[in-house]
Amino acid sequence: MEKHHHRGSWGSSLGFLMAAIGSAVGLGNLWGFPFKMGANGGFAFLLIYIILTVAVGFAMLMAEMAIGRKTGRSAVSAFRKLDSRHPEVGYMGVISGTIVVSYYCVLGGLCLRYCLGFFVEAFGGTGFLGHGETFFQSFTTAPWSIILFTALFALITGAILMGGVSGGIEKFSTIAMPALFFMLIALVVYISRQPGAEQGYAFMFTPDWDYLKENFFSVLSTAAGQMFFSLSLAMGIMVAYGSYLKKDENIPRDALLICGADTIIALLAGSLVIPAAFAFVGEDAYMSGVKLLFVTMHQVFFNIGGRFGCFLGFIFFLTVCIAAITSSVSLLEVSVSFGVDRRIDKHKEPKRTRVIAICTIFVFLLATPVALDAMGGTPGTTPLGLLQQWFPSLALKGWNESFINAYSFISEGFLMPLGALLTSLYIGYKYKTTLITDECRMGRSRVLDLCYRFIVPITMLVVLYGQLKNFLG
Ligand code: PHE
């Protein structure tokens, strides 16, 4: 029991929920989901997404939390405790979590820059934000500024972790998440009253059954991949967060609440971002990827105009920053808890502060190539562009068009679905579902059996196939 205190634990059930929802709600909700839903059949996509969240996401979320709490350890140590010969799933989580947090820091740094820019302009400054695409290009290709903001974002993440599990992660999330929610609602209400927004709702919500019929597997794979990323699964996060839980916490209820909140916030974001783009920029706007957030949304608030527009822009990017920070905190916690538990397993002092410092610096270094190649914007002048000139065979496939593509392919595209596939197979066939249901104080569940043995593995195979095709195609 004493060790448990050593590692840290959540102060309250609500605090844990805020931290877990904070991890789940991130850039994936704010810009991944809206576009993917609109482009993949609208309401038809949403239905598939919800079915997958219930049948796959919920089961895996519960499993990760239960494994964490049962073993009292984060990913690698947890899987090693279950079977000393098979910690590999844990390592996959640590590796992909570390890769994701590195590019998350670059994107988060960009969010900070926009947030600051709109703040200054809203309160009287000028010339701090340039215009739409030009600003985006000049900012991302100016190496020092983007590196500076990446470092700032990494530092903020590290600083929150330094506060500890309940004093840092939990405290920050408990204040930030309700703020995020209310700001989001306010923006959604404002946008809904603007002429032109209805085109955005039409794009988002009109069901396109024909599209679904013709592209069933690609829709399925996109929805499942998005759902997994959005729920922060298969990265060891929910194992680590679960390991800080008290024994009387109701895991199935929490898993349900996290799934629900994550989906609701994704839908709110969809009712904001896409309609705003239609109302204030028009159909030609970039409706996907980084440019949806940084070029299109930038234009939206400039076109609203004046100080008021800039103020709304500030609120919007503050919301995005909060979403990004609570997610990157959870991602960095994966490698931090890995380092801490390694020391504890060797009966050493955890030295959390030192581990956090090392992980933050490491992640920052890993992030620099992503920051320096301008999101793939200027091939030939970037490190990756040069590498491709020297080794032309590297340039053949889409996965390495930019460092951010390469990073997200290795993590979200490959390690995440593979890790989830292995985890569910281990649970379904080796440890048996009772490993999870016992920890959750539930009776035997045939439905969960079915999930871990068949539904999750099959879905993950579809995702894996879809992602490989997508990135390498
Ligand atoms: N869930 C976060 C999002 O939607 C991202 C994330 C992925 C965070 C994996 C942690 C782990 O953006």
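The table for this structure:
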read-out	value
Flag for residue 16 being within 18 Å of the chain's Cα centre (by Cα) and surrounded by fewer than 21 Cβ atoms within 10 Å (Cβ to Cβ)	no
Residues (in contact with a Ser or Thr (Cβ under 6 Å, 6 or more places away or on another chain) and of a type in the set (A, V, I, L, M, F, W, C)) located in segment 54-93	56, 78, 89
Selection from segment 61-76 of residues that are surrounded by fewer than 24 Cβ atoms within 10 Å (Cβ to Cβ) and either modelled with pLDDT under 95 or in a helix (DSSP H, G or I) (or both)	69, 70, 71
Matching residues, segment 129-163, being in a helix (DSSP H, G or I) and without any contact (Cβ under 8 Å) to a residue 60 or more places away in the chain	134, 138, 139, 144, 145, 148, 149, 152, 159
Any chance residue 302 is within 25 Å of residue 191 (Cβ to Cβ), assigned to a helix (DSSP H, G or I) and not small (Gly, Ala, Ser)	yes
Among the residues listed as 55, 44, the single one being within 21 Å of residue 219 (Cβ to Cβ), open to solvent by 20 Å² or more (accessible area, probe 1.4 Å), in contact (Cβ under 8 Å) with a residue 40 or more places away in the chain and away from the ligand (no atom under 14 Å from the Cβ)	55
Selected residue (only one of 406, 395 is modelled with pLDDT under 90, more than 16 Å from the ligand (Cβ to nearest atom) and either within 23 Å of residue 104 (Cβ to Cβ) or surrounded by 18 or more Cβ atoms within 10 Å (Cβ to Cβ) (or both))	406
Unique match (being at pLDDT below 90 and not β-branched (Val, Ile, Thr)) among 377, 466, 413	377
Unmet requirement for residue 233, which otherwise passes all of (1) in a loop (DSSP other than H, G, I, E, B); (2) open to solvent by 10 Å² or more (accessible area, probe 1.4 Å)	(2)
Residue among 421, 448 that alone is away from the ligand (no atom under 16 Å from the Cβ) and under 18 Å from residue 230 (Cα atoms)	421
Top-ranked residue in segment 78-104 [being closer than 28 Å to residue 324 by Cβ and open to solvent by 40 Å² or more (accessible area, probe 1.4 Å); ranked as nearest to the ligand (Cβ to nearest atom)]	95
Options 153, 136, 149: the member that is more than 16 Å from the ligand (Cβ to nearest atom), closer than 19 Å to residue 329 by Cβ and either more than 18 Å from the chain's Cα centre (by Cα) or surrounded by 22 or more Cβ atoms within 10 Å (Cβ to Cβ) (or both)	149
Residue that is more than 16 Å from the ligand (Cβ to nearest atom) and part of a helix (DSSP H, G or I), where the choices are 166, 173	166
Boolean, residue 39 is more than 16 Å from the ligand (Cβ to nearest atom) and under 23 Å from residue 324 (Cβ atoms)	yes
Residue within segment 60-73 that is at positive phi and touching a residue at least 12 places away in the same chain (Cβ under 8 Å) present	yes
Search result, residues across segment 248-290 that are assigned to a loop (DSSP other than H, G, I, E, B) and either open to solvent by less than 30 Å² (accessible area, probe 1.4 Å) or touching a helix residue (DSSP H, G or I) at 6+ places or on another chain (Cβ under 7 Å) (or both)	249, 281, 282, 285, 286, 287, 288
Unique residue being of a type outside the set (A, V, I, L, M, F, W, C), under 23 Å from residue 105 (Cβ atoms) and buried (at least 21 other Cβ atoms within 10 Å of the Cβ) when the list is 167, 200, 225, 163	225
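Conditions tested, residue by residue: (1) within 16 Å of the ligand (Cβ to nearest atom); (2) outside any helix (DSSP H, G or I); (3) open to solvent by less than 40 Å² (accessible area, probe 1.4 Å).
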{"site": "328", "(1), (2), (3)": "yes, no, yes"}
{"site": "333", "(1), (2), (3)": "yes, no, yes"}
{"site": "343", "(1), (2), (3)": "no, no, no"}
{"site": "359", "(1), (2), (3)": "yes, no, yes"}
{"site": "363", "(1), (2), (3)": "yes, no, yes"}
{"site": "370", "(1), (2), (3)": "yes, no, yes"}
{"site": "375", "(1), (2), (3)": "no, no, yes"}
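The values are calculated or read from the model by the stated rules, or taken from the named source; none is laboratory data. Computed from a predicted model, the values in this text were never measured in an experiment. Neighbour counts are summed over all protein chains in view; Cβ atoms, including those assigned to glycine, are modelled from backbone coordinates with ideal geometry. The accessibility values were calculated without ligands, DNA or RNA, using every heavy atom of the protein model including side chains. Shrake-Rupley method; radii C 1.70, N 1.55, O 1.52, S 1.80 Å.
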